[in-house]
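Each remark here refers to the structure printed beneath this line.
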Amino acid sequence: MVVKFTDDAGCSEEAVDTGGPKREFLTLLMDHLKDRHIFDGPSGRKYLTCDMTAAREEEYYLAGRMIAVSVVHGGPAPRFLSRDLIDHICNKPDFNATITDITNNEIRKVLYEVENAESLDALRTVMIRNSAMFQTAGCLRYAQTVEDRKTIVRDYLRWYIIFRNHFQIQRFKDGLATLNLLNALQQHTSVLADYMCYSGKKMTAADIENLFGVEFSLAGSNRRRDESRIMGYWADYLMDCEEKNEGVSLEDILMFATGLRALPPAGMQPRPSIDFIYNSTFPLSNTCGNVIRLPVSGSYEQFKTSMDFGIQNSPGFGQP
């Protein structure tokens with residue numbers, strides 16, 4: 001694969017990629033992938049859906065291959081796939097989908113009618129009225145009790161999310177087998193599945209603070225004293241970014257320094273580090289070396305303003 005990065009004028013950037021541009025490219029790739037029409041479902045719980053054009057063009061295979069390449073080469077994992085899809089890929093019997101996973105309004109409405117049927121007659125009426133829908137899924141039955149509604153809904157959801165997309169899932173698995181990721185995922189599901197699926201756990205200021213090492217000047221020097229003060233500003237800045245829902249986020253800081261918005265499954269090499277810059281008002285970074293250079297400002301307000309401006313005006317490679 002050959003990737004060229006261009007500026008706004010269309011001129012390619014001449015540089016040797018030692019990690020940074022690759023991670024930024026893979027981050028953009030995963031961001032783009034989650035919005036492809038081969039996926040359906042709510043945000044953070046995407047599953048594969050049938051698209052014949054995509055099948056002819058091998059998009060399902062390519063999507064799996066993209067994820068495998070990204071994960072193995074130190075890029076981000078998707079973090080948007082349905083846990084039910086991943087469990088199925090890993091040959092686990094667990095299935096916990098709900099009606100909210102269905103984006104088709106008509107189908108969702110019928111399933112809610114089944115789920116909320118208060119009598120056996122009401123349940124049978126819904127089943128008969130929508131017999132074609134349930135027959136297609138292989139779960140049309142003559143209900144014996146009201147409690148059958150739970151089994152009917154669960155069986156339909158399993159068919160809709162898993163069984164009807166068998167070919168698409170198989171080609172996706174073929175792509176994931178690239179660089180042996182599928183085998184690793186199936187053998188170490190408890191470790192890798194969390195990277196494939198959405199996690200509600202947010203990055204914290206402590207996570208960022210512990211991630212970065214610090215390159216201080218000589219102990220006892222005037223620069224060391226200034227750098228210790230800046231590290232206090234850095235800790236306060238991280239706390240401000242964590243607590244506020246606007247402006248720079250912790251993910252923006254990580255992206256600025258490393259080219260990644262989340263910690264990758266393969267780990268971060270080299271370890272991210274903090275350096276200090278005395279001849280610039282704004283922060284600088286080297287994503288190849290995972291280095292962020294903090295400006296030596298006179299006050300926290302000046303430091304925060306400089307950091308906000310520098311990070312918010314840094315995105316490139318097609319990002320707005």
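The values are calculated or read from the model by the stated rules, or taken from the named source; none is laboratory data. This structure is a prediction, so every number in the text was calculated from the model and none was measured. Cβ placement follows ideal geometry from the backbone for every residue including glycine, while neighbour counts extend to all protein chains displayed. The protein model used for the area step is the full one, side chains on, heavy atoms only, and it has no ligands, DNA or RNA in it. Shrake-Rupley method; radii C 1.70, N 1.55, O 1.52, S 1.80 Å.
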Near pairs, Cβ below 7 angstrom, 6+ apart or cross-chain, from region 36-57 (more than 24 Å from residue 99 (Cβ to Cβ) and modelled with pLDDT of 95 or more) to any residue that is among the small types (Gly, Ala, Ser) and open to solvent by 40 Å² or more (accessible area, probe 1.4 Å): none
Yes/no for residue 249 being free of Cβ contacts under 8 Å to residues at least 12 places away in the same chain and surrounded by 16 or more Cβ atoms within 10 Å (Cβ to Cβ): yes
Tally of residues being assigned to a helix (DSSP H, G or I), of a type in the set (A, V, I, L, M) and under 27 Å from residue 81 (Cα atoms) across region 128-137: 1
Residue list for region 15-73, restricted to those being over 20 Å from residue 104 (Cα atoms), open to solvent by less than 50 Å² (accessible area, probe 1.4 Å) and not in a helix (DSSP H, G or I): 19
Checklist (1) touching a Leu at 6+ places or on another chain (Cβ under 6 Å); (2) assigned to a loop (DSSP other than H, G, I, E, B) applied to residue 165, failing item: (2)
Residue match in region 86-93 (condition: outside any helix (DSSP H, G or I), more than 30 Å from residue 28 (Cβ to Cβ), out of contact with any Phe, Trp or Tyr (no Cβ under 7 Å at 6 or more places or on another chain) and open to solvent by less than 10 Å² (accessible area, probe 1.4 Å)): no
From 243, 227, residue being in contact with a helix residue (DSSP H, G or I) (Cβ under 9 Å, 6 or more places away or on another chain), of a type outside the set (A, V, I, L, M, F, W, C) and on the phi < 0 side of the Ramachandran plot: 243
Count of residues meeting criterion [in contact with a Leu (Cβ under 7 Å, 6 or more places away or on another chain) and farther than 16 Å from residue 151 by Cβ] in region 111-138: 1
Scan of region 207-230 for residues that are of a type in the set (A, V, I, L, M) and either open to solvent by 70 Å² or more (accessible area, probe 1.4 Å) or out of contact with any Leu (no Cβ under 8 Å at 6 or more places or on another chain) (or both), ordered by number: 214, 218, 219
Residues (more than 19 Å from residue 70 (Cα to Cα), open to solvent by less than 30 Å² (accessible area, probe 1.4 Å) and of a type outside the set (Ser, Thr, Tyr)) located in region 273-298: 274, 276, 277, 283, 291, 292, 294, 295
Condition met for residue 265 (farther than 29 Å from residue 70 by Cβ and surrounded by 18 or more Cβ atoms within 10 Å (Cβ to Cβ)): no
Output for region 166-181, where each listed residue is of a type in the set (A, V, I, L, M, F, W, C) and either touching a Gly at 6+ places or on another chain (Cβ under 8 Å) or without any contact (Cβ under 8 Å) to a residue 12 or more places away in the chain (or both): 172, 176, 177
Residue within region 129-142 that is out of contact with any Ser or Thr (no Cβ under 8 Å at 6 or more places or on another chain), in contact (Cβ under 8 Å) with a residue 24 or more places away in the chain and of a type in the set (S, T, N, Q) present: no
Count of residues meeting criterion [assigned to a loop (DSSP other than H, G, I, E, B), open to solvent by 40 Å² or more (accessible area, probe 1.4 Å) and free of Cβ contacts under 8 Å to residues at least 40 places away in the same chain] in region 99-127: 4
